[in-house]
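The structure appears below as structure tokens.
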């Protein structure tokens, strides 16, 4: 690969580096949107026989606190994983992850 192209790709990757935490947050949030239906379905099956009040309370706890906690705890972990990529591979990995999430959303008819 020509040196000028490697340098260009390195610079492109360096533009992503300061936004690793924001990119991680976007990845986690998008994943929760894509897989949230599945998680809700699993929980719904587990609590289907409960009284309405308890089911509602669990729904509120899962949606308000559960997804919020997942976001808070997973975002720093994903950001650390992104930090492990070199500037050359960081943009390509981000593109691949968001493309994969987009294809999953399309397959699940969310787009």
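All of the numbers you see were taken from the coordinates with simple rules; none came from a lab. In this text, all values refer to a predicted model and were calculated from it rather than measured experimentally. So basically every Cβ, Gly included, is an ideal-geometry build from the backbone, and we count neighbours across all protein chains shown.
For the chain, find the longest principal axis of its Cα atoms and tell me its angle to the long axis of helix 67-83, 0 to 90°, nearest 10.
20 degrees
Please determine, in degrees from 0 to 90 and to the nearest 10, the orientation of helix 3-16 with respect to the longest principal axis defined by the Cα atoms of the chain, where the helix direction is its Cα long axis.
Orientation of helix 3-16: about 30 degrees from the principal axis.
Using per-residue counts of other Cβ atoms within 10 Å, averaged over each peptide, order 41-49, 59-67 from highest down.
Result, highest mean Cβ count within 10 Å first: 59-67, 41-49.
Any chance you could list the semi-axes, whole Å, largest first, of the equivalent ellipsoid that the Cα gyration tensor gives for the chain, using √(5λ)?
Listed largest to smallest, the semi-axes of the chain are 38, 15, 8 Å.
Going from the alpha-carbon gyration tensor of region 22-83, what semi-axes, largest first and in whole Å, does one get by taking the root of 5 times each eigenvalue?
Output for region 22-83: semi-axes of 28, 11, 8 Å.
Multiply the residue gap between residue 10 and residue 22 by 0.36 nm, knock off their C-alpha separation, and tell me the result in nm, one decimal place.
2.3 nm
Any idea what angle helix 20-47 forms with the longest principal axis of the chain, computed on alpha-carbon atoms, 0 to 90 degrees, nearest 10?
It works out to around 20 degrees.
Got a sec? How would 75, 30, 56 order by Cβ neighbour count within 10 Å, fewest to most?
Final ranking by Cβ density, sparse to dense: 56, 30, 75.
Calculate the FRET efficiency for residue 40 and residue 3 from the Cβ-Cβ distance with a Förster distance of 41 Å, rounded to the nearest 0.05.
The pair residue 40/residue 3 has a calculated efficiency of 0.20.
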